Amino acid sequence: MSYLVKNYNRKKISFKRGKGAYLFSTNGSKYLDFCSGIAVNSLGHSNPKLIKALNYQANKVWHVSNAFTIPEGEDLAKKLVKKTFADFVMFQNSGAEATEAAIKAARRYFFSIGNSKKNRILCIKNSFHGRTIAAIHASGSKKMTEGFGPKVPGFDHVEFRNFKPRFPNIRSKIKKNTAAIMVETIMGEGGIKTIPDKCLRYLRKICNEKKILLILDEVQCGIGRSGDFFAYERSKVKPDIVPIAKGIGGGFPIGAVLMTKKVASGMIPGTHGSTFGGNPLAMTIGNTVMDIVSTKQFLNNVKRSSKYFFSNLNKLKEKYPKTIKEIRGRGLLIGIQLYKDQSNFIKKLMDNKLLTIKAADHVVRVLPPLNVKKKEIDQALKIINKVCLELE
Ligand SMILES: *Cc1c(COP(=O)(O)O)cnc(C)c1O
């Protein structure tokens, strides 16, 4: 008997310990974890540097309050600003909180310049921005919003079809009161769909023209997951607001919103807050992840692992053309799109001790830790090959 609410379809398996890319189950099996807690354990399990940072800070001070200056948070904010488009950072605890705070910052900016009617956010239909009441309506999927009415106003949606370099009718969707366009640079839950660089540049152009803000949700694709520190970097586009979470804590809950000086100018004292957000324990761990993941050397290694993984997955696609439809994604945010429902495939991978997770569109999401080793990728490829062979 479980006393947990059944809002998840949990698998029976549990884990007692993890080390690097491996998880050890309570019944004695060793699994290759290419789920990484859904792009969270960026440095794998039991990373010695993260353990050290956690223990160090645990012996000093865990939590104070944002009523006081928190040096660890000042440090992490500075590092994020130095590495990115951002001028300022606001810490939260999760992805949904970060996307919500991003929406608040956008609206507050227009309010602060005397245009409070400009408050609508244009999003992609069936995207994913988290599970809070506002974020589900930003995502605009029936599955997520059904039964949670009344509908939260203020969100418009555009379809994203077939990776077209442009959003065909996005101009007609921008109203007089549109404040921002918010999209995931690479749609994660939606099936690992990358917005092409050309398309991101087009969004930036429209935002400039209409004097509205561009919010790029990098909760899943950010913090090195794409091979660049942020997935948008390759396009040379500069966003106005970027919510992050998942990978930045390496398993410790951290969220944040990065923003330009212009946007931050609206967020005066009292406009937003978070009891836990940016506490010393979280920030010490965030700093440690940041110091490792943001280096050129580390990111180059992610790119190398990615290239190797993709080229071999594409070979499997050629070998099993009736099973695998497409290999998609970027960096170590990888989607294996199947022709059929992927649940059985994922179960068979798990029977063979490889953990993955599903995404929309018949996609098997493969999310190894960012410091995954070549021999671990080889092991995963072998298991994927075996399962494809079984299902042929
Ligand atoms: C996971 C995710 C969120 C929500 O993060 P939570 O920490 O689960 O609230 C928001 N946006 C994107 C793109 C995500 O992948």
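The values are calculated or read from the model by the stated rules, or taken from the named source; none is laboratory data. Here the structure is a predicted model, which means the values were calculated and not measured. Neighbour counts are summed over all protein chains in view; Cβ atoms, including those assigned to glycine, are modelled from backbone coordinates with ideal geometry. When the accessible area is computed, the model is the full protein with side chains, heavy atoms only, and any ligands, DNA or RNA have been set aside. Shrake-Rupley method; radii C 1.70, N 1.55, O 1.52, S 1.80 Å.
In the range 105-126, the qualifying residues are those that are open to solvent by 60 Å² or more (accessible area, probe 1.4 Å) and under 19 Å from the mean Cα position of the chain (by Cα), and the one that is nearest to the ligand (Cβ to nearest atom) is Asn126. Beta carbons closer than 9 Å, at least 6 apart along the sequence or on distinct chains, pair a first residue in the range 115-133 that is at positive phi and in the same structural domain as Leu216 (by TED's automatic domain parsing) with a second that is part of a loop (DSSP other than H, G, I, E, B) and more than 8 Å from the ligand (Cβ to nearest atom) for Asn126/Gly140; Asn126/Ser141; Asn126/Glu159; Asn126/Phe160; Asn126/Gly190; Asn126/Ala360.
Cβ-Cβ contacts under 7 Å between residues 6 or more apart (or on different chains), taken from a first residue in the range 91-105 that is outside the structural domain of Pro243 (by TED's automatic domain parsing) and outside any helix (DSSP H, G or I) to a second residue that is more than 9 Å from the ligand (Cβ to nearest atom) and open to solvent by 10 Å² or more (accessible area, probe 1.4 Å), are absent. Assess whether Met144 counts as being within 18 Å of Met182 (Cβ to Cβ), part of a strand (DSSP E or B) and in the same structural domain as His272 (by TED's automatic domain parsing). Answer is no for this residue.
Within the range 233-245, if we keep just the residues that are open to solvent by less than 10 Å² (accessible area, probe 1.4 Å), in contact with a Leu (Cβ under 6 Å, 6 or more places away or on another chain) and of a type outside the set (A, V, I, L, M), the residue that is nearest to the ligand (Cβ to nearest atom) turns out to be Pro239.
For Met90, the conditions (1) farther than 19 Å from Ala179 by Cα; (2) within 16 Å of the ligand (Cβ to nearest atom); (3) surrounded by fewer than 21 Cβ atoms within 10 Å (Cβ to Cβ) all hold with the exception of (3).
Scanning the range 206-227 for residues that are in contact (Cβ under 8 Å) with a residue 12 or more places away in the chain and more than 16 Å from the ligand (Cβ to nearest atom), we see that the one that is farthest from Ser305 (Cα to Cα) is Lys210. Phe85: in a helix (DSSP H, G or I) and either closer than 19 Å to Val257 by Cα or touching a helix residue (DSSP H, G or I) at 6+ places or on another chain (Cβ under 6 Å) (or both), yes or no? No: the conditions fail for Phe85.
Beta carbons closer than 7 Å, at least 6 apart along the sequence or on distinct chains, pair a first residue in the range 23-40 that is under 22 Å from Ile223 (Cβ atoms) and open to solvent by 10 Å² or more (accessible area, probe 1.4 Å) with a second that is among the aliphatic types (A, V, I, L, M) and in a loop (DSSP other than H, G, I, E, B) for Cys35/Leu367; Ile38/Leu367.
Mind listing just one residue for me: the one in the range 246-277 that is in a helix (DSSP H, G or I) and within 16 Å of the ligand (Cβ to nearest atom) and, of those, surrounded by the fewest Cβ atoms within 10 Å (Cβ to Cβ)? Step through it out loud before you land on a result.
Start the filter on the range 246-277 by keeping residues that are in a helix (DSSP H, G or I), which leaves 246-249, 261-264.
Those left that are additionally within 16 Å of the ligand (Cβ to nearest atom): 246-249.
On the way: Lys246: 29, Gly247: 29, Ile248: 29, Gly249: 25.
The qualifying residue surrounded by the fewest Cβ atoms within 10 Å (Cβ to Cβ) is Gly249.
For the range 179-232, which residues satisfy the criterion of being assigned to a helix (DSSP H, G or I) and either assigned by TED's automatic domain parsing to the domain that holds Ile357 or crowded, with 24+ Cβ neighbours inside 10 Å (or both)? Outline the logic, then answer.
Within the range 179-232, the subset assigned to a helix (DSSP H, G or I) is 197-210, 231-232.
Ala231, Tyr232 - these are the residues of the range 179-232 that are assigned to a helix (DSSP H, G or I) and either assigned by TED's automatic domain parsing to the domain that holds Ile357 or crowded, with 24+ Cβ neighbours inside 10 Å (or both).
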